[in-house]
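All remarks here apply to the structure that follows.
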Amino acid sequence: MDLTTRYLGLDLKSPIIAGSSGMTNSVKKVEQLAQYGAGAVVLKSIFEEEIAFEHEDILQEASSAGVNLDQFDYYDFHLRGEKLSGYTDLIQGAKAAVSIPIIASINCVYSHEWISFAKQIQHAGADAIELNMFFLPSDFKRSVAEQERMYFEVIERLVDTVSIPVALKISSYFSNLGQMIQRLSRTGIAGVVLFNRFFSPDIDIDDFKVTSSFVLSTPGELALSLRWIAIMANKVDCNLAASTGVHDGEAVIKQLLAGATAVQVASSLYKNGPAFIGQMKETLTAWMEKHRFSNLADFRGKMSQEQTIDPAAYERVQFMKYFK
Ligand SMILES: Cc1cc2nc3c(=O)[nH]c(=O)nc-3n(C[C@H](O)[C@H](O)[C@H](O)COP(=O)(O)O)c2cc1C
């Protein structure tokens, strides 16, 4: 059974990718994921903001201890360098340890930092870069056009700067989602990942505190990415990877049928460990045997909106029949 796929111009032995998370933050974990059959690994993102927060904490501590803060400009520079070199060590370690593609992931706040991070990541030997890019549309002074422009400005500069393939991992928080995905796909990026899932707030009703809601996804969350992979398949100029709610081999099959080139998993690895990738592959292989498919191209996109006999099904949004 041939499970190979070509994603971001890279040859993957299997379409199941370990998505960026704490399960991909060390060479040892990457080795295990490769051993159990991951087609590629997206390393845990390096967060510019995290570096900035750490710097602020240090500044605050120093200031309350009465330390002269002049030296801290240098410290900021040093901290960035240290964090980045930790990350480039991870890339180099992972590359040396496994033969599957290693995709680095960056999340930055300021556009010049994205470029500088990306250059260093390329230099460290990553096979591709995934941009974990999200600006929460909660700034009421920013128009839709301005909000969207922020994405294009960064992507266009980045694609011009690096020569390795760039994937873009986005949220579904766009006012004209289908058109936005299509426009993004025409910027020179090699793939779009639909969708990222974020830290979300909850409220503790006794302590009156904002807390964290569920960190891991549930299988029911598959529906959003499945709908949009199916709608966007054949309407974009790059690969599509599915992310969110993939908790078993059946969900991998569904995303491939919808038109995904590759499928990312994160929560299911936290729940079941890296060996679960092997199980998902077995489910996929058994299903392919049952339906007499010998490779992924035999069925990829067979259930996309363009190819299904019921394209309206993906645009159905109201539960009308339940009220009859
Ligand atoms: C604990 C945790 C940490 C994550 N860290 C990152 C990250 O650093 N960068 C990123 O792009 N996505 C991150 N994600 C998002 C996942 O890569 C994935 O897109 C999301 O969890 C949805 O997929 P899932 O349903 O398979 O979990 C993280 C998810 C979890 C649960």
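The values are calculated or read from the model by the stated rules, or taken from the named source; none is laboratory data. Since the structure is predicted, the reported quantities are computational estimates derived from the model, not experimental observations. Cβ atoms come from the backbone with ideal geometry, glycine included; neighbour counts cover every protein chain shown. For the accessible areas, the whole protein counts, side chains as well, though only heavy atoms, and no ligand, DNA or RNA atoms are used. Shrake-Rupley method; radii C 1.70, N 1.55, O 1.52, S 1.80 Å.
A quick yes/no check of all residues on (1) closer than 19 Å to ALA18 by Cβ; (2) under 15 Å from the mean Cα position of the chain (by Cα):
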site	(1), (2)
ALA104	yes, yes
GLU146	no, no
LEU168	yes, yes
ILE181	no, yes
Every residue from segment 210-227 that is within 19 Å of VAL193 (Cβ to Cβ) and among the small types (Gly, Ala, Ser)
SER217, ALA223, SER225
Given (1) touching a helix residue (DSSP H, G or I) at 6+ places or on another chain (Cβ under 9 Å); (2) without any contact (Cβ under 8 Å) to a residue 60 or more places away in the chain; (3) in a helix (DSSP H, G or I), where does LEU131 come up short, assuming only one miss?
(3)
Extreme residue, farthest from the chain's Cα centre (by Cα), among residues of segment 185-208 that are surrounded by 10 or more Cβ atoms within 10 Å (Cβ to Cβ) and more than 16 Å from the ligand (Cβ to nearest atom):
ILE203
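Of all the residues that make up segment 93-141, how many are among the hydroxyl-bearing types (Ser, Thr, Tyr) and within 16 Å of the ligand (Cβ to nearest atom)?
Residues of segment 93-141 that are among the hydroxyl-bearing types (Ser, Thr, Tyr), as a first pass: 99, 105, 110-111, 116, 138.
Those still in the list that are within 16 Å of the ligand (Cβ to nearest atom) too: 105.
Here the count works out to 1.
Looking at SER175, SER185, SER143 in this structure, which one is touching an Asp or Glu at 6+ places or on another chain (Cβ under 9 Å) and farther than 30 Å from THR88 by Cα?
Details: SER185 fails: farther than 30 Å from THR88 by Cα; SER143 fails: touching an Asp or Glu at 6+ places or on another chain (Cβ under 9 Å).
Result: SER175 is the single residue among SER175, SER185, SER143 that is touching an Asp or Glu at 6+ places or on another chain (Cβ under 9 Å) and farther than 30 Å from THR88 by Cα.
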Scanning segment 1-52 for residues that are among the hydrophobic types (A, V, I, L, M, F, W, C) and part of a loop (DSSP other than H, G, I, E, B), which turns out farthest from the ligand (Cβ to nearest atom)?
MET1
Output the number of residues of segment 239-252 satisfying the condition of being among the small types (Gly, Ala, Ser) and surrounded by fewer than 24 Cβ atoms within 10 Å (Cβ to Cβ).
3
Any residue at all in segment 291-298 that is more than 13 Å from the ligand (Cβ to nearest atom), under 26 Å from LEU43 (Cα atoms) and under 18 Å from the mean Cα position of the chain (by Cα)?
no
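Pick from GLN255, GLN264, GLN279: which is open to solvent by 20 Å² or more (accessible area, probe 1.4 Å) and either more than 17 Å from SER14 (Cβ to Cβ) or not basic (Lys, Arg) (or both)?
Values: GLN255 fails: open to solvent by 20 Å² or more (accessible area, probe 1.4 Å); GLN264 fails: open to solvent by 20 Å² or more (accessible area, probe 1.4 Å).
Among GLN255, GLN264, GLN279, only GLN279 is open to solvent by 20 Å² or more (accessible area, probe 1.4 Å) and either more than 17 Å from SER14 (Cβ to Cβ) or not basic (Lys, Arg) (or both).
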Just for strands (runs of 3 or more DSSP E) wholly inside segment 142-259: which have at least 2 residues that are touching a Pro at 6+ places or on another chain (Cβ under 9 Å) and modelled with pLDDT under 95?
209-212
Working carefully through the options ASN234, ASN272, find the one that is open to solvent by 30 Å² or more (accessible area, probe 1.4 Å), more than 9 Å from the ligand (Cβ to nearest atom) and in contact (Cβ under 8 Å) with a residue 60 or more places away in the chain.
ASN234
Show the residue pairs that are 6+ apart or on different chains and have beta-carbon atoms under 6 Å apart, the first residue being within segment 186-199 and within 12 Å of SER172 (Cβ to Cβ), the second being within 8 Å of the ligand (Cβ to nearest atom) and at pLDDT 95 or above.
VAL193/LYS169; VAL193/SER243; PHE195/THR244; ASN196/LYS169; ARG197/SER217; ARG197/THR244
